[in-house]
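Student: Right, I'll just put the structure down here and ask away after.
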Amino acid sequence: MFNIRYRIPLEVIDELKILTATEFDKDYTEIYGQIKIFFSDKYYGFYNEEYDSSDDALMWWFSLLNNVVKALENSNYVAMRIPETYDSYFVFRKHKNTLLVSFERSTNTLNKSLVIQKPLGKVYQHIWAVEIKYDEFKNSVYNAIKSFINSVDSINNEILESVIFKSFMSEINYK
């Protein structure tokens, strides 16, 4: 099982409602909220409807997850550095339609890329590993991205016309 839950808190929604595309590009540049990613019985992140936290850069998360899906089309190994960490990674190993996903800490600080298709350097902590279906992962990522774009559209469709959001959408595969 793989699932993504995200939330744009009401405080952020209220701010987004009144922005023009230009204001979004100049003053906002990202949409913050909550995101929690479930890998079978393991998870990473924070999601709570009772708490109006908005600490996670949602466009950044969705862009990274999209880049992982794209990389897995041509590679059997992808490591994604977890946003706002320097040593924590989700490592995806694909075999046919199965992904072995692990959460690891590595001293791979020389490679500044957030999505890497080469094995990490020294892994100093292996936290967990689970198997999920690749198709389920890919479809869940695309469905979450579609839902996110639709949410932004319903909050303020002018944001979709901003340079930054157009750039975000141009790199996304979610059809």
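The values are calculated or read from the model by the stated rules, or taken from the named source; none is laboratory data. Every value quoted in this text rests on a predicted model; they were computed, and no experiment measured them. In this analysis, Cβ positions are derived from the backbone assuming ideal geometry, glycine residues included, and neighbour counts consider all displayed protein chains. Surface areas here come from the heavy atoms of the whole protein model, side chains and all, with no ligands, DNA or RNA. Shrake-Rupley method; radii C 1.70, N 1.55, O 1.52, S 1.80 Å.
Student: Suppose we keep just the alpha-carbon trace of the chain; what are its Rg and Dmax in angstrom?
Tutor: For the chain, the Cα radius of gyration and maximum Cα-Cα distance read 16.5, 47 Å.
Student: While we're on this one: Ignoring chymotrypsin sites (Phe, Trp or Tyr not before Pro) that are buried or in helix or strand per DSSP, and keeping those with at most 13 other beta carbon atoms within 10 Å, what is the longest stretch of the chain between them?
Tutor: On the way: sites that count: 51, 86.
It runs 87-175.
Student: Can you tell me how much longer the chain between residue 112 and residue 163 gets when fully stretched, taken as 0.36 nm per residue apart minus their C-alpha distance, in nm with one decimal? Can you show the working numbers first?
Tutor: Details: separation 51, 0.36 × 51 = 18.36 nm, distance 2.52 nm.
Working it through step by step, the gained length comes to 15.8 nm.
Student: Give me the 1.4 Å probe accessible area per residue for the chain, excluding ligands and nucleic acids, in Å². Walk me through the numbers on the way to the answer.
Tutor: Values: 9040 Å² over 175 residues.
Counting only protein heavy atoms, the per-residue value for the chain is 52 Å².
Student: List the residue ranges in the chain for DSSP H helices whose C-alpha atoms run 27 angstrom or more along the long axis and whose Kyte-Doolittle average is -0.5 or above.
Tutor: On the way: long enough: 134-155 (31 Å, -0.24).
Once both thresholds are applied, what remains is 134-155.
Student: Show me the trypsin sites (Lys or Arg not before Pro) within the stretch 66-100 that DSSP assigns to loop and that have at most 11 other Cβ atoms within 10 Å of their Cβ.
Tutor: Values: sites: 70, 81, 93, 94, 96; in loops: 96.
Sites meeting the loop and neighbour criteria: 96.
Student: Of the trypsin sites (Lys or Arg not before Pro) in the stretch 102-144, which ones lie in a loop per DSSP and count no more than 14 other C-beta atoms within 10 Å?
Tutor: Working: sites: 105, 112, 122, 133, 138; in loops: 112, 122.
The qualifying sites are 112, 122.
Student: Between residue 95 and residue 41, how many nm apart are label points set 7 Å from Cα along the C-beta direction?
Tutor: 2.1 nm
Student: Which of the trypsin sites (Lys or Arg not before Pro) found in the stretch 24-69 are in a DSSP loop and have at most 12 neighbouring Cβ atoms, other than their own, within 10 Å? Could the numbers behind the result be given before it?
Tutor: Numbers: sites: 26, 36, 42; in loops: none.
Taking the stretch 24-69 and a limit of 12 other Cβ atoms within 10 Å, no loop trypsin sites (Lys or Arg not before Pro) are found.
Student: Whose amide H sits under 5 Å from the amide H of residue 2, counting only residues 5 or more places off or on another chain, with H placed in the peptide plane?
Tutor: Placed amide hydrogens put 40 under 5 Å from residue 2.
Student: With each label point set 7 Å from Cα along the Cα-Cβ vector, what nm distance links residue 171 and residue 17?
Tutor: 3.1 nm
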